[in-house]
1. Computed FRET efficiency, Cβ-Cβ of Phe34 and Tyr64, R0 30 Å: what is it to the nearest 0.05?
2. What do you get for Rg/Rh of the chain when both radii come from the Cα atoms and Rh is the Kirkwood radius?
3. If exposed GluC sites (Glu not before Pro) are those in a DSSP loop with at most 10 other Cβ within 10 Å, what is the longest stretch of the chain that has none?
4. Kindly state, to the nearest 0.05, the FRET efficiency for Asp75 paired with Ala21, given R0 = 22 Å and r defined as their beta-carbon distance.
5. Suppose R0 equals 25 Å; then what is the FRET efficiency for Glu44 and His100 from their Cβ-Cβ distance, rounded to the nearest 0.05?
6. How much length is gained on full extension from Lys9 to Arg53, taking 0.36 nm per residue of separation minus their Cα-Cα distance?
7. Please find, in a Gaussian network model of the chain (springs between Cα atoms separated by less than 10 Å), the residue of Ala99, Ala21, Ala58 whose mean-square fluctuation is greatest.
8. Please compute the contact order of segment 46-109 in relative form: average sequence separation of alpha-carbon pairs under 8 Å and at least six residues apart, divided by the residue count, as a percent.
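We did not get these values from a lab; they are worked out from the coordinates using the rules stated. Here the structure is a predicted model, which means the values were calculated and not measured. Backbone-built Cβ (ideal geometry, glycine too); neighbour counts: all protein chains shown.
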Amino acid sequence: MNDPVLLVKRETRWVCPNCTATDVTYHPEPHLRFHRCAALAGMEAPFVPEGVRCKVTAVEREDYVNGEDVRYDADGRPIMAVRTERADGCDVAIFAPCAHADARALEVV
């Protein structure tokens, strides 16, 4: 006969170093949570595990937009990434511009 096993959900508490947003998850596998950060003018930014010291910043696009479909923050600035810097390294969430095509302009040969 098998002995009983207690199954415990792993709780992860998430915080934002820039605003007051928090979250709690119970997933056993590695994962990451994002939120619309009020301190970063509404950009999607990652939560960090509670207790992790880091800096999360929005990286403004420095080249010419020229009509590309890019992400803008609430202040109208084109944002190309959100960077999370910790003592042991950094992570970057990149917002790549989207391409558009007009099917009417394509010729079928």
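1. In this case the efficiency is close to 0.60.
2. Here Rg/Rh amounts to 1.19.
3. For GluC sites (Glu not before Pro) (loop position, at most 10 other Cβ atoms within 10 Å), the longest site-free span of the chain is 12-61.
4. 0.70
5. According to the calculation, E is roughly 0.70.
6. Gain on extension, Lys9 to Arg53, equals 13.4 nm.
7. Evaluated over the chain, the most mobile residue of the options is Ala99.
8. Over segment 46-109, the number comes to 31 percent.
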